[in-house]
Amino acid sequence: MIEVTKHTRGILLEVAKKKKVYVEGNFLKLLKAPEDDTEFQEYLELCKDKDNTSRRKRLQVTKQVQQQNKELVQKQQETDALMIELQDALESAKQSEEVANQLREEAEKGMGKALEDLDLMQKKTQFELISTIVKVALVVIIGVGVLTTVMYAVALMSGTDTQIIGSTWSNMFGILLTNAFSIVGTIMGVKYATEKD
């Protein structure tokens, strides 16, 4: 064990306080504090705690790196195995040009069928969406029209002045009809604009 002189002790404590740098590593095991110097004993204990913490962190990082290296090696092995399989498949394909042509034709047919199915599904979805939009728009238009008509009828039956309500009712129906045709026209325009022909 190495006993620390007062001068060295002062430097170590000052560096720890000002710069937060502590003694660590195997050299820490060699340092011994005088029994009557509790401040330096606490400093050495703090150094040991910090050293243990940093060792644990380094060990954890080392384990992570080892695990990542292990995973990389495993992935590399899988990649190599896939490359071998791919090379075997390519060699088999080269040996039989007729089989390759048949596979190509079948793939093109399958792709054409898949595109047709996709196009059909898109058209069906668009038709359902358009149908839903039209139904909702019609329900709103009919609802507003019925509500306005009921209000107009109540005003007529109650005997109140209907001049303002009558013109409002007439304008409302004009706006509703215009909007209904506008919605249907827009939907039909979008539908025909998105077709390929």
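Each reported figure results from applying straightforward, stated rules to the coordinates on display, with no laboratory input. Note that the structure is a prediction, hence the values are computed from the model and not measured. Heads up, the Cβs are rebuilt from the backbone with ideal geometry, glycines too, and the neighbour counts pull from every protein chain shown.
Tabulated results
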quantity	calculated
Dipole of the chain [Lys/Arg +1, Asp/Glu -1 at C-beta], most positive-end residue of I141, I11, N26	I11
Whether the range 116-193 is rounded, prolate or oblate, judged on the alpha carbon gyration tensor where a/c under 1.5 counts as rounded	prolate
Cα gyration tensor, the chain - rounded (a/c under 1.5), prolate or oblate	oblate
Overall form of the range 62-146 per C-alpha gyration tensor (a/c, 1.5; a/b vs b/c)	oblate
Computed over the chain: relative contact order in percent, which uses C-alpha pairs under 8 Å that are six or more apart	12
Karplus-derived HN-Hα couplings along the range 66-74 (A = 6.51, B = -1.76, C = 1.60, θ = phi - 60°), whole Hz, x at Gly and Pro	5, 5, 5, 5, 4, 5, 5, 5, 5
0 to 90° range, to nearest 10: angle between helix 97-158 axis and the chain longest Cα axis	60
Exposure proxy order (Cβ contacts within 10 Å, fewest to most) of D37, D119	D119, D37
L31 long-range amide H proximity, modeled H, under 5 Å	I2
Distance from the range 146-161 to the range 119-143 (C-alpha centre basis), Å	33
Contour minus Cα-Cα distance for K57 and N69 (0.36 nm per residue)	2.5 nm
Principal semi-axes in Å for the range 2-94 [√(5λ), Cα gyration tensor, largest first]	57, 11, 9
Number of Lys pairs (Cα under 19 Å; 8 or more positions apart or on different chains) in the range 42-174	6
